[in-house]
Amino acid sequence: MVHLDEVINRHFKVLVFAVLVLALTMRLLSIEKYPVSLSMDEVAIGYNAYSILNTGKDEFRESFPLAFRSAGDYKPPVNIYLAVPSIYLFGLTEFAVRLPVALIGSLTAVVLIFFLSSLGLSKAGSLFGGFWLSVLPWHIHFSRGSFEAITALFFLLLGSWLFILWTKSKKALILAGSVASFSLSVWAYHAERLFTPLVALFLFFLFKDRIELAKIKIKKQFLVAGIVLAIFATPFLKLTFFTEAISQRAASTSILREASLGNALHLGSYENLGERIFDNDFYLIFIHWLGKYLNYYDLRFWFWKGLAFTPPGYPDLGLLLAVDLPLFFLGVYALIKSKNEKLKGLALFWFFVGPLPASLTMNEQHPLRALVWIPFFAIVLGHGFDYLTKKVKSWGVFLYLAVLAINFVYFADIYTHHFPRYYSEYWQYGYKEVATYACENRDKYDNIVITDTFGGYGPLNTGLPYLYVLFYCDWDREIFLKTGGHSEKILFRRPNFEDFLKPEKMLLIGSPWDFLDELEKKGKDVYRLDYPNGKGAFIFKENR
Amino acid sequence: MKFFKKFFPFIFLSPAILWLLFHPGSVLIEIASFPQYAKASITSIFAPEKLMAIEDMRWNAFGPAKEELAATLIYNKAFVLADNFFNYVSFFSPRWYFQSGDGTNFSPPTVNPISGVLFFPWVLGTVYFLAKKNWKIFWVLLTFGAFAFLVGKRNFAFLFPILLIYLFMSHEGIKKLSPKLKRTFLIGSFIYGAFLLGRMLWFIWTKS
């Protein structure tokens with residue numbers, strides 16, 4: 001009987017291609033429909049890319065910026081520039097905005113295979129790592145939603161793989177490629193700003209026995225790498241120290257902003273010596289951070305309830321699929337038994353440092369910020385699969401694949417039915433219809449008011465409807481591109497009582513919370529839009 | 001004897017263990033109440049709110065044809081059992097033991113139950129026991145966890161043995177460090193442990 005290992009070795013390239021096709025399918029299938037609508041960040045990426053394509057300027061009329069001010073934040077530039085060719089080819093559509101990250105997410109599965117292989121993992125284990133990532137809901141979801149963390153992870157893995165490759169080949173171009181990839185990961189997402197330098201340093205020390213620093217050839221290559229690094233680092237350092245583009249994000253998400261910590265801090269004004277020693281601010285910050293950090297080491301979060309596709313108390317998905325639990329333990333055991341010290345060292349490093357960037361920010365157990373942790377799980381599960389094929393033989397693999405299929409059906413149902421039903425409002429569901437309706441019916445009214453406050457359970461969310469109008473309404477977009485302002489016809493604010501007293505004809509688009517009490521009966525209802533869970537999303541009213 | 005000499009300082013510098021040793025009465029009363037707790041806990045395995053969540057998911061699963069076979073196969077009582085299993089698994093979450101405590105009177109106030117810095121050697125200790133195929137320690141761990149889970153009480157009166165085992169694993173993890181790192185870590189963790197004890201006593205003193 002032909003062993004699975006032999007099959008994989010013989011058809012390795014074909015299987016790598018199959019993993020890529022599978023990853024692409026998982027990420028591109030119905031990409032416009034799931035997630036349920038474009039988020040605020042996605043429309044911002046889309047419009048800014050469109051604006052760069054047409055004018056070379058962003059929405060604030062800045063030429064080719066390196067940090068995009070949008071949606072109340074400074075956005076890393078990589079995803080926006082990546083969206084430019086896609087928008088050029090497919091127009092300003094949902095598909096065009098989501099395509100680049102879905103492609104990069106799919107390519108990550110392939111890069112992961114080569115990364116694992118370069119670390120000395122067997123072909124079967126490496127290939128499994130890529131396969132596992134291609135069907136991993138944690139990665140699929142964020143790949144489909146244009147998240148910058150996916151792009152950053154791709155460049156981080158590419159940089160790590162190229163670096164390991166360079167330690168064997170010693171080719172200057174590969175080292176330069178590694179440095180460029182690491183740099184792009186830093187440019188692509190916030191978590192990598194801390195994580196990538198740590199990984200790069202660790203890899204350097206881990207492989208220093210192969211580097212031969214004393215050789216002139218190596219010194220020259222380091223010089224080239226230094227120049228590449230300087231090209232990427234100089235503007236980044238300029239942004240960090242001379243603008244608020246980098247520091248604002250760090251400050252706005254820092255754990256120091258959390259009320260539970262902020263209220264406890266003394267900020268230097270201690271009442272007595274006991275307080276100064278035993279309740280000092282350093283300890284309070286440390287202990288607060290430690291809690292957040294340790295929260296990531298929770299098997300329930302890893303395997304059962306981590307992605308928050310459903311409300312608390314409901315069945316959900318963990319970062320990994322539940323079927324991966326036994327394979328994970330098998331992998332840990334196999335890794336411990338492995339004689340590959342470099343791989344073990346890197347796994348341990350990634351295990352401890354992976355959740356570090358996420359733990360320094362607000363929010364508990366944040367799956368997006370924890371994406372940099374994926375290579376650790378891939379290393380362990382790759383080992384687990386390797387062990388499975390060697391010790392448990394084929395039936396173990398088939399059993400795993402059978403349970404994986406059930407797990408995947410469950411994911412597909414959660415993702416396409418329950419997630420949109422429970423959380424559509426967090427994806428600004430409805431603003432597409434609002435913008436399109438307002439645009440198509442603009443000639444019927446003197447003014448159109450669009451609310452920025454919405455929510456199924458209360459006026460709890462604040463959005464940026466102007467971005468949706470820019471995205472879905474060609475007419476307003478053209479005015480904005482020319483003048484930097486919207487058409488005077490469309491106003492972005494909550495409708496109010498005075499609107500019903502005005503002589504001009506107005507279309508008021510508000511959430512049900514904007515038309516409470518006597519306002520509910522005022523004017524004439526034109527259209528009502530509900531969230532997929534049946535709760536009212538927007539009411540379209542004429543003021544007279 | 002030599003082992004206890006070496007391990008004793010770790011116990012002494014772990015606030016939760018001292019805290020429990022100084023409150024034997026309430027610990028014993030809590031443990032003695034386990035039959036009532038267990039009865040209540042077991043009857044709540046299929047609590048109505050858990051079943052309601054499953055039914056809601058089943059009703060809205062897959063497509064417009066409600067209660068399809070696939071929906072019934074995926075969303076059923078087995079799901080509640082799996083949820084309970086992961087609840088059980090979360091009894092071993094390191095955060096409770098190394099940082100936050102259990103949030104009840106069985107946890108020392110305002111400090112880590114076990115010194116937080118011991119998390120890193122705890123991981124190394126766990127790796128060591130796995131490498132040595134010392135399954136016994138894991139079985140003991142799982143058994144005590146299962147007892148606490150069946151009782152439905154996530155407090156250190158019931159999880160005290162796990163606390164001790166985690167401490168022991170950390171102790172073994174430190175032993176695996178290089179001599180220089182080991183010395184640094186020992187000194188650091190003893191200073192931090194002493195600080196935690198001081199903080200606990202200071203807190204009790206200022207609040208009394």
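No value in this document is a laboratory result; all are computed from the given coordinates. No experiment lies behind these values; they were computed from the predicted model shown. For neighbour counting, all protein chains shown are included, and Cβ atoms are generated from backbone atoms with ideal geometry for every residue, glycine included.
Along the range A:396-404, what does the Karplus equation 6.51 cos²θ - 1.76 cosθ + 1.60 (θ = phi - 60°) give for ³J(HN,Hα), rounded to whole Hz, x for Gly and Pro?
Coupling constants for the range A:396-404: x, 5, 5, 4, 4, 5, 5, 5, 4 Hz.
Over chain B, with a single point scatterer placed on each C-alpha, what log10 of the ratio I(q)/I(0) does the Debye formula yield at q = 0.11, 0.19 1/Å?
-0.64, -1.32
How much FRET efficiency would the formula 1/(1 + (r/R0)^6) give for A:Lys33 and A:Tyr457, where r is the Cβ-Cβ distance and R0 is 30 Å, rounded to 0.05?
Here the calculated transfer efficiency is 0.80.
At a 10 Å Cβ-Cβ cut-off, how would you order A:Ile414, A:Ile379, fewest neighbours first?
So the residues, fewest neighbours to most, are A:Ile414, A:Ile379.
Taking 8 Å as the Cα distance limit and 6 or more residues as the minimum spacing, I'd like the relative contact order of chain B as a percentage.
Reported as a whole number, the value is 29 percent.
Most exposed first by the Cβ proxy, i.e. fewest other Cβ within 10 Å, how do A:Tyr415, A:Tyr47, A:Tyr429 rank?
A:Tyr415, A:Tyr429, A:Tyr47
Looking at the protein assembly as shown, what % of its DSSP beta bridges pair antiparallel, to the nearest 5? The partial results should precede the final answer.
Working: 17 of 24 bridges.
About 70 percent, rounded to the nearest 5.
How big is the Rg/Rh ratio for the range A:139-198, C-alpha atoms only, Rh by Kirkwood, two decimals?
Checking Rg against Rh, the ratio lands at 1.05.
Using the Kirkwood formula over every pair of different C-alpha atoms, what hydrodynamic radius in Å results for chain A? Could you put the intermediate results ahead of the total?
On the way: mean 1/r = 0.0390 Å⁻¹.
Taking the inverse mean of 1/r over all distinct Cα pairs, chain A comes out at 25.6 Å.
Give me the Kirkwood hydrodynamic radius of the range A:246-396, using the inverse of the mean 1/r over all pairs of distinct Cα atoms, in Å to one decimal.
17.9 Å
Which whole-number percent gives the relative contact order of the range A:428-542, counting Cα pairs below 8 Å spaced six or more residues apart?
31 percent
Could you give each residue of the range A:259-274 its phi-based ³J(HN,Hα) in whole Hz, using Karplus coefficients 6.51, -1.76, 1.60 with θ = phi - 60°, and x for Gly or Pro?
Going residue by residue, I get 4, 4, 7, x, 5, 8, 5, 8, 6, x, 9, 8, 7, 8, 5, x Hz, with x marking Gly and Pro.
Under Stokes-Einstein, with the Kirkwood radius over Cα pairs standing in for Rh, what whole-number D in µm²/s applies to the range A:428-542 at 25 °C and 0.890 mPa s?
Rounded, D is 173 µm²/s.
Can you compute the FRET efficiency between A:Phe17 and A:Lys339 using 1/(1 + (r/R0)^6), with r the Cβ-Cβ distance and R0 = 35 Å? Round to the nearest 0.05.
Plugging the Cβ-Cβ distance into 1/(1 + (r/R0)^6) gives 0.65.
Quote the convex hull volume per residue of the range A:501-544, based on C-alpha atoms, as a whole number of Å³.
62 Å³
For the range A:428-542, what proportion of DSSP beta bridges, expressed in % and rounded to the nearest 5, is antiparallel? Let's see the in-between values first.
Numbers: 12 of 19 bridges.
Of the beta bridges lying entirely in the range A:428-542, close to 65 percent run antiparallel.
Each label point is 7 Å from the Cα along the Cα-to-Cβ direction; what then is the distance between the points at A:Ser247 and A:Ser63, in nm?
Result for the modelled spin labels: 2.7 nm.
Could you sort the peptides A:319-325, A:399-405 by per-residue average Cβ neighbour count (10 Å cutoff), highest mean leading?
The most tightly packed comes first, giving A:319-325, A:399-405.
In Å, what Kirkwood hydrodynamic radius results for the range B:144-183 from the alpha-carbon pair distances?
Evaluated on the range B:144-183, it is 11.6 Å.
Before anything else, pin down the relative contact order of chain A: Cα pairs under 8 Å, at least 6 apart, normalised by residue count, whole percent.
14 percent
In whole Hz, with x marking every Gly and Pro, tabulate ³J(HN,Hα) for the range A:75-85 from phi via Karplus 6.51 cos²θ - 1.76 cosθ + 1.60, θ = phi - 60°.
These are the phi-based 3J(HN,Hα) values: 8, x, x, 4, 5, 5, 5, 5, 6, 4, x Hz.
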